[in-house]
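The values are calculated or read from the model by the stated rules, or taken from the named source; none is laboratory data. For clarity, every value in this text was computed on a predicted model and none was experimentally measured. Glycine also receives a Cβ, built like all others from the backbone with ideal geometry; neighbour counts cover every protein chain displayed.
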């Protein structure tokens, strides 16, 4: 029994050592580069993992917020996992509320609800929250336009009729 326990402990320690030594990345830039490389090779889940490690290990680095934006965009555009994209944007709002890029995350939450999930009530709520918190942001007119046109087809939007008819 003692030998089996000693063997099990040895195996566990070896596994822990291998797992720790396997991750040789020491900088935020290293994780960023791995994330970009994985993305460029269409390994989206792997790319997300690298970006999430960057955020976890280097939360104050300037690349951390960019990594979270990349995660949100990959979930939205490449994996079509809109709820995960919204979660990622919400992480930006929570962790980086003072960053100048944060309002874009708030806007994107409304955009995903409106244009990807067709959840117009949640979109309206999200856009209104965005406008209230960031009243002077350059995307406020876009959010207001989105609210006015939630659920409408292109044919129902006067500005779009002239564009689609070539007038």
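The table for this structure:
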read-out	value
Which numbered condition residue 90 misses (of (1) within 13 Å of the chain's Cα centre (by Cα); (2) over 21 Å from residue 39 (Cα atoms); (3) buried (at least 19 other Cβ atoms within 10 Å of the Cβ))	(3)
From 93, 117, 154, 139, residue being in contact with a helix residue (DSSP H, G or I) (Cβ under 8 Å, 6 or more places away or on another chain) and modelled with pLDDT under 95	154
Odd one out for residue 100, checked against (1) in a helix (DSSP H, G or I); (2) under 30 Å from residue 39 (Cα atoms)	(1)
